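Enquirer: My questions will all concern the structure given below.
The values are calculated or read from the model by the stated rules, or taken from the named source; none is laboratory data. Since this is a predicted model, take the numbers as computed values, not measurements. All Cβ positions, glycine included, derive from the backbone under ideal geometry; neighbour counts span all protein chains shown. Please note that ligands, DNA and RNA were not included when accessible areas were found on the heavy atoms of the full protein model with its side chains. Shrake-Rupley method; radii C 1.70, N 1.55, O 1.52, S 1.80 Å.
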Amino acid sequence: MTRHKEGDRRDTALNDAELQRCLTATWSTPAGLWGALSTVDHKIIGRRYITTAFVFLALGGVLSLLMRLQLAQPEARFIGPDRYNQIFTMHGTNMMFLFAVPVMQAMAIYLVPLMVGTRNIAFPRLNAFSYWMYLAGGLLLWVAFALDVGPDVGWFAYVPLSGPQYAAGKRADIWAQMITFTEVSALAVAVEIVVTVFKQRAPGMSLDRIPLFVWSMLVTSFLIILAMPAIMIASTALILDRLVGTHFFNPAEGGDVLLWQHLFWFFGHPEVYIIFLPAVGMVSTIVATFTRRPVFGYLGMVMALIATGILAFGLWVHHMFVAGLPRLGESFFTASSMAIAVPAGLQIFCWLATMWAGRPIFKTPFLFVIGFMVIFVIGGMTGVMVASVPFDTQVHDTYFVVAHFHYVLVGGAVFPLLGAIYYWFPKFTGRMMSETLGRWTFGLMFTGFNLTFFPMHILGLQGMPRRIYTYQPEMPWSGLNMFISLSAIILALGFLMFFVDAIRSARSGSAAPANPWGALTLEWATSSPPPAYNFMHLPVVSSLEPLADDPDILPVASGLRIDRRELLITSVVQAVPEARESSPGDSIWPLWAAAATSVTLIWSIFTPWAVVWGSIPVAIALIGWFWPKGVVEEDA
Amino acid sequence: MNHTVVLDVADLPEHGLGSASQTYWGTLAFMLIEGTGFALSIVVYLYLMSLATQWPLGTAPPDLLAGTTLTALLIVSLVPNLFLARWARHQDLWKVRIGLIVMTVLGVAPLVLRAFEFPAMHIKWDQNAYGSIVWVMLGLHTTHIITNLVETAVLTALMFSRHGDSPRRYGDVSDNAMYWNFVVITWLPMYACLYWVPRL
Amino acid sequence: MPNEISGAPPESYFALGKPYETDAYNLSQGKRLYSWFGCGSCHGDDGRGGVGPSFLDGWWLYGPEMVSIVASIRDGRPHGMPAFRDRMPIEQIWQLAGYVQAIGSYRPKVAAPSRNDDNQSRPAENRGPAKILFDPGPVGVHPDQGPSP
Amino acid sequence: MRIVRNGLLAVALAVSGCSGNQSAMDPDGGPAIHIAHLIIGIVAVCGVAWVLVMVMLAAALLRGRGRTGREITNERSLMRAVIAAVAVTVVIVAALTVSSFFTTRGIGVPEPAAMTITVRGQQWWWQVMYADSGPNASFETANEIHIPVGRDVRLELQSADVIHSFWVPSLAGKQDLVPGRSNILLLRAEKPGIYRGQCAEFCGLQHGHMAVLVIAEAPADYERWAAGQRQTALLPSNPEALAGQAVFLGKPCAACHTIRGTSAHGKTGPDLTHIGSRLTLAAGLVETTRGSLAAWIADPQTVKPGNNMPTVALTGVELQQISTYMEGLK
């Protein structure tokens, strides 16, 4: 290996201004449409991802308001059963596949490379590809809904209701194919994050110095890698049953309808933790910053994350307690479902200990964390309840469960996420969000959420099943339903205020300094928003909180090339530098590949031959993507 | 914020090889994804079998010839593949070129045999659940052979182009060889499941 | 839908995109009507015939056009096909006709009811069973028996 | 018989609205009572645990508020507290698991010898088949299950199409009806009454209108009712009803419905032999009256959009006659 090639420029002998100019020339995304379509900058794609996910959140929220309108009164006729079934299916599918998982991965796409101190995510073109796939999947679902062919079989799409005989038309196919889109994009991002965390950490960031948010995303990514193939197999089998007449789910020909449920929940339960674990990481980060001390019990927190990830694969049967499986087997799953309360409890206690020993500062992000503690613990308690087989036989598929998982998912994931948005907004945009509006937003949401969802526990125990488009006037549910619908308006106002604040602040909020909260992780060691190259010099880490040692001086590495996109590869455990590696430049090929894949996937709803013919343009796009272009990034 | 240089990385190589390369880890991650998929397809097979009163459903066990020949061929193909991986590590351009051509041929041959495997199952995908899972398992594995074949063919073309002689390409070749090992090794439990479990 | 003697569909039927032939909802309604009204007792539960002619052999005694299928159901035909004029509304006759046309068609339709969760005796409707099962019979093709497949 | 039923109905009306009670917290059946005790127990334990966590949270937040310098906290005592809290969690969780396990055993599966009723879920009604008293005495009804009070009843749950879930919360927890499988549920009413339940697994368009009534009667009343149901349909006595029967048999109605004692043998729709004796129509949607029968027959798709009953073209007079006939099928 020659030490210095000809024309090879390094960052060693340059002053700061000159270095910044060179790095910008190498790393920045060109202006204009072409630049926007071909960029591979993890920050641009991450922001895009986050914005898109929040658009889907807003759309899903509108759907929930429509449902509350219909359910406010008994036998209301605002929405017929056909549309209502589409609406609740869309709400669930949209929130799970187009909002919750993507938004958590999107936060990681933006933050993980910054937090581990590198210049771009691993496989940045795959990252661009995954965004386009996600967007195409979301468009497929929503355009179908607008054309009245939105799926109407529930987000769980149980066969035989979603099977060939009882779901005529293409609605269920659209659901299953939308799953494929989001699956491809989620798996791609999971691989990127795993490799980024394994190989691109700043020198010195050994396993015990990885920030907790990065740990949580690492565990989450492994959950995605191990859980998503189950839904891939299931949705493929469903499409094949519907399109070419296979018999996976046909009991008369040796298939089984519970096979679908096993496969779906083997994915579906880890899915909950895929959404929840990143939120845990966000909470840890925010707690550490706003209590002015590191999170208590780092090792315990990491172990709890890993334990949750492993246990997540041993609980799927608790979604099937009333399907008629052997009781003894079910009792095992009661025990394993209850057991997950232990790592969850450990995390809660560690945060409490942190708050106890720290100096809490009640800024908006921290308020959302407090809201999370109050709400999520209720969700955890009701989770323990539904883990019990006899208890579950009464509340399964009722509004009790609706209340339970909204407490877990909204309380456990959306509240931390909104806190995280308030927390990292200055980093994303360079501007602060309004503290006043933030407090109002939190107040409205906290009040609105509890008033909306707590009464649903009671409705469930009073016998109100889920997924009913209306109920009869003689049932004693109408009062509470009206109350819930009115409370939902408060919650909606909270979200509206959040969106107003975010849009207003992004345009005209007060300018943010590099580190407005006095936080101690690496993403705050660069300007807000970070430059295209993230860090002028790649940081070197010697503790869990790299900015704590000396807030004014950052230890860094030098010697990297600046005439190509270069970053450092380090070893998995100790993060010892192994190589200077180039990071691919902008490319339009991921967009073409995503377009070709999308056409193939949508076409294959109509004929199986689409897979054969469609694979040709996909192959061409992929070859175009990987074929070397003779640029400096390919030096070695 | 001020910077103080504590580490000089100028002497590091410009491209990581082996476990220092991102593609190596990326390939491993994709193998984990696909391996989970293969494992689940076997689980589905065994699950359907556990429900059935007789297995295989409504037909005889598959004929062994095509599948066994293919298995033998796949195992044999590991030998040139391991050589190819070694040559790639040694960055020996001509040997790598020859190895890639051999591996391309060894990627086509199983496809020919696979064409005889489907009829050897004595059942179509739309006859019953046994037919469905058998066709899907064969189809799933065939897709992997085809993808790897296309990848090998493209790499072969690359090695004959001006981009060929570069550590990056040798890394790609050894990752591709690793992936072929994966395709072969995952076939073994599938082979046992498809051909021998019905005979138990 | 029209109920005159000729049974010719009005312009609106074409303007709507021939819903009884192309709309999955109508086709699957037709499939249910097929079993509810006992069509299978003569034509076979899978449409392969019995006392009555098969729909899946690729042959149409009165041609594969919707109007003629509708007329057959509505008014009956010689040799045992009863008239359903008084037993079902004309809209259901059109749905049923669409289904019968779909299973006997020479190429699978984009929208079609697919297989039942039941024992299978033929390929699913959306795979064009008549195309797969086409049987010219021992005496070969009769040019007088409707269009060849 | 009618007087008894009306009496029951009046009692039920007085107690809990005209459809009977449908609440897990208002149990009148053996299994439901066991579960209700468990529910109260777990909710109490979890409620206390939540309050304790919240007290800790408030204390932790108030304690450090306004604190300035970094106070030296005793990390070891903090560690001890966390370990203790986790230990308590383990104990609670284990206790709840064990109590849940014992409740499961308590509500167990009934003896095979118990009275058996087969319930088949269909989109969107319940087919109820009584066959335990010999082959000749078997009969069928819909959306209404009569059981004797104080006896274990074994429900065999099957599905004709998609997955449904049988749930009468006041009597027992729910159990799915899965195509291709047969599930068993123990039903036992401790006192007479009308218990409402409804489908709890999403099953398509009219999932919201798929109710079932369980009517628990004293054993003597039950036997009287069952004897009545075993009879074939009465030959209508008045001319209007007789004309209605002719319309029923001449129109496509008979293709889907059975009326025992007539030539109607259809299997797609509910058995109508004693439809006039049932409290509700269309799976708990409306009370059975002549008016509601007429409305239902005239335009089932408006009353319950998407259901499987097609519109049958009838003149006003025919509609009148057929609903009179139906109402008379006691």
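Enquirer: Which strands (runs of 3 or more DSSP E) sit wholly inside the stretch D:128-220 and have at least 2 residues that are surrounded by 24 or more Cβ atoms within 10 Å (Cβ to Cβ) and within 14 Å of chain A (Cβ to nearest Cβ)?
Expert: Strands (runs of 3 or more DSSP E) meeting the threshold: D:153-159, D:164-166, D:175-177, D:183-187, D:193-198, D:211-217.
Enquirer: Kindly indicate the residue of the stretch A:57-87 that is β-branched (Val, Ile, Thr) and under 25 Å from the mean Cα position of the chain (by Cα) and also farthest from A:Asp152 (Cα to Cα) among those meeting that condition. Show your work before the answer.
Expert: Going residue by residue through the stretch A:57-87, those that are β-branched (Val, Ile, Thr) are A:62, A:79, A:87.
Applying the additional criterion that residues be under 25 Å from the mean Cα position of the chain (by Cα) yields A:62, A:87.
Working: A:Val62: 17, A:Ile87: 8 Å.
The residue in question is A:Val62.
Enquirer: Considering only residues that are outside any helix (DSSP H, G or I) and more than 14 Å from chain B (Cβ to nearest Cβ), look in the stretch A:256-293 and name the one that is least open to solvent (accessible area, probe 1.4 Å).
Expert: Restricting to residues being outside any helix (DSSP H, G or I) and more than 14 Å from chain B (Cβ to nearest Cβ), the top hit is A:Arg293.
Enquirer: State all residues of the stretch A:220-255 that are among the acidic types (Asp, Glu) and open to solvent by 10 Å² or more (accessible area, probe 1.4 Å); if no residue qualifies, say none. Give the steps one after another, and end with the answer.
Expert: Within the stretch A:220-255, the subset among the acidic types (Asp, Glu) is A:241, A:253.
Within the stretch A:220-255, just A:Glu253 meets the criteria.
Enquirer: Separate question: Looking at (1) touching a Phe, Trp or Tyr at 6+ places or on another chain (Cβ under 7 Å); (2) more than 14 Å from chain A (Cβ to nearest Cβ); (3) of a type outside the set (Lys, Arg), which is the one condition that is false for D:Trp225?
Expert: (1)
Enquirer: Six or more apart or on different chains, Cβ atoms under 9 Å: show the pairs whose first residue is in the stretch C:106-127 and free of Cβ contacts under 8 Å to residues at least 60 places away in the same chain and within 9 Å of chain A (Cβ to nearest Cβ) and whose second is open to solvent by less than 50 Å² (accessible area, probe 1.4 Å) and of a type in the set (Phe, Trp, Tyr).
Expert: C:Asp117/A:Phe249
Enquirer: Could you check the stretch A:139-172 and list, in sequence order, the residues that are part of a helix (DSSP H, G or I), touching a helix residue (DSSP H, G or I) at 6+ places or on another chain (Cβ under 6 Å) and surrounded by 24 or more Cβ atoms within 10 Å (Cβ to Cβ)? Talk me through it step by step, then tell me what you get.
Expert: Narrowing the stretch A:139-172 to residues part of a helix (DSSP H, G or I): A:139-146, A:171-172.
Narrowing further to those that are touching a helix residue (DSSP H, G or I) at 6+ places or on another chain (Cβ under 6 Å): A:140-141, A:144-145.
Across the stretch A:139-172, the qualifying residue is only A:Leu141.
Enquirer: Filter the stretch A:539-554 down to the residues that are outside any loop (DSSP other than H, G, I, E, B) and buried (at least 19 other Cβ atoms within 10 Å of the Cβ), then identify the one that is farthest from the other protein chains (Cβ to nearest Cβ).
Expert: Checking each candidate, the answer is A:Pro539.
Enquirer: Please go through the stretch C:74-93 and give me each residue that is charged (D, E, K, R) and either in contact with a Cys (Cβ under 6 Å, 6 or more places away or on another chain) or outside any loop (DSSP other than H, G, I, E, B) (or both), ordered by number. Full working, then the answer.
Expert: Of all residues in the stretch C:74-93, those charged (D, E, K, R) come to C:74-75, C:77, C:85-87, C:91.
The answer is C:Arg74, C:Asp75, C:Arg77, C:Glu91.
Enquirer: Using the structure shown, decide if A:Val572 is assigned to a loop (DSSP other than H, G, I, E, B), hydrophobic (A, V, I, L, M, F, W, C) and either more than 9 Å from every other protein chain (Cβ to nearest Cβ) or open to solvent by 10 Å² or more (accessible area, probe 1.4 Å) (or both).
Expert: Against the criterion (assigned to a loop (DSSP other than H, G, I, E, B), hydrophobic (A, V, I, L, M, F, W, C) and either more than 9 Å from every other protein chain (Cβ to nearest Cβ) or open to solvent by 10 Å² or more (accessible area, probe 1.4 Å) (or both)), A:Val572 qualifies.
Enquirer: Ok, one more. In the stretch D:289-314, which residues are assigned to a loop (DSSP other than H, G, I, E, B) and surrounded by fewer than 18 Cβ atoms within 10 Å (Cβ to Cβ)?
Expert: Within the stretch D:289-314, D:Thr289, D:Asp299, D:Pro305, D:Gly306, D:Thr311, D:Ala313 meet the criteria.
Enquirer: Which one of these is within 11 Å of chain D (Cβ to nearest Cβ) and surrounded by 23 or more Cβ atoms within 10 Å (Cβ to Cβ): A:Pro426, A:Pro360, A:Pro416, A:Pro365?
Expert: Sole residue among the options that is within 11 Å of chain D (Cβ to nearest Cβ) and surrounded by 23 or more Cβ atoms within 10 Å (Cβ to Cβ): A:Pro360.
Enquirer: Looking at A:Pro326 and the list (1) closer than 22 Å to D:Gln158 by Cβ; (2) in contact (Cβ under 8 Å) with a residue 24 or more places away in the chain, which single condition is not satisfied?
Expert: (2)
Enquirer: Could you look through the stretch D:224-235, keep only residues that are in contact (Cβ under 8 Å) with a residue 60 or more places away in the chain and open to solvent by 40 Å² or more (accessible area, probe 1.4 Å), and pick out the one that is farthest from D:His146 (Cα to Cα)?
Expert: Here is the first cut: in the stretch D:224-235, the ones in contact (Cβ under 8 Å) with a residue 60 or more places away in the chain are D:224-226, D:228-230, D:233-234.
Adding the requirement that they be open to solvent by 40 Å² or more (accessible area, probe 1.4 Å) leaves D:224, D:230, D:234.
On the way: D:Arg224: 11, D:Arg230: 13, D:Leu234: 21 Å.
Per the criteria, the residue is D:Leu234.
Enquirer: Going by what's in this entry, would A:Ala557 be described as crowded, with 18+ Cβ neighbours inside 10 Å, farther than 30 Å from A:Ala403 by Cα and aliphatic (A, V, I, L, M)?
Expert: yes
Enquirer: Please state which one of A:Ala312, A:Ala344 is open to solvent by less than 30 Å² (accessible area, probe 1.4 Å), among the small types (Gly, Ala, Ser), within 26 Å of A:His91 (Cα to Cα) and in a helix (DSSP H, G or I).
Expert: Matching residue, one of A:Ala312, A:Ala344: A:Ala312.
Okay, residues lined up against (1) within 13 Å of chain D (Cβ to nearest Cβ); (2) of a type outside the set (Phe, Trp, Tyr); (3) in a loop (DSSP other than H, G, I, E, B); (4) surrounded by fewer than 19 Cβ atoms within 10 Å (Cβ to Cβ):
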| residue | (1), (2), (3), (4) |
| --- | --- |
| A:Leu444 | no, yes, no, no |
| A:Gly460 | yes, yes, no, no |
| A:Pro473 | yes, yes, yes, yes |
| A:Met482 | no, yes, no, yes |
| A:Phe498 | no, no, no, no |
| A:Ala506 | no, yes, no, yes |
| A:Asn515 | no, yes, yes, no |
| A:Ala519 | no, yes, yes, no |
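Enquirer: Still on this structure, I have one more. Within the stretch B:12-32, track down each residue that is at the interface with chain A (Cβ under 7 Å from one of its Cβ atoms) and either part of a loop (DSSP other than H, G, I, E, B) or open to solvent by less than 20 Å² (accessible area, probe 1.4 Å) (or both).
Expert: Passing the criteria: B:Leu12, B:Pro13, B:Glu14, B:His15, B:Gly16, B:Ala20, B:Gly26, B:Ala29.
Enquirer: Also, I was wondering about something else. Can you pull out every residue in the stretch B:110-142 that is open to solvent by less than 30 Å² (accessible area, probe 1.4 Å) and hydrophobic (A, V, I, L, M, F, W, C)?
Expert: Once the filter is applied, which keeps residues that are open to solvent by less than 30 Å² (accessible area, probe 1.4 Å) and hydrophobic (A, V, I, L, M, F, W, C), the stretch B:110-142 yields B:Ala120, B:Met121, B:Ile123, B:Ala129, B:Ile133, B:Val134, B:Met137, B:Leu138.
Enquirer: Among the residues that make up the stretch A:141-159, is at least one of them acidic (Asp, Glu) and within 14 Å of chain C (Cβ to nearest Cβ)?
Expert: Taking every residue of the stretch A:141-159 in turn, at least one turns out to be acidic (Asp, Glu) and within 14 Å of chain C (Cβ to nearest Cβ).
Enquirer: Considering each residue of the stretch A:375-394, count those that are in contact (Cβ under 8 Å) with a residue 24 or more places away in the chain, out of contact with any Pro (no Cβ under 9 Å at 6 or more places or on another chain), outside any loop (DSSP other than H, G, I, E, B) and at the interface with chain D (Cβ under 7 Å from one of its Cβ atoms), and give that number.
Expert: So the count comes out to 4.
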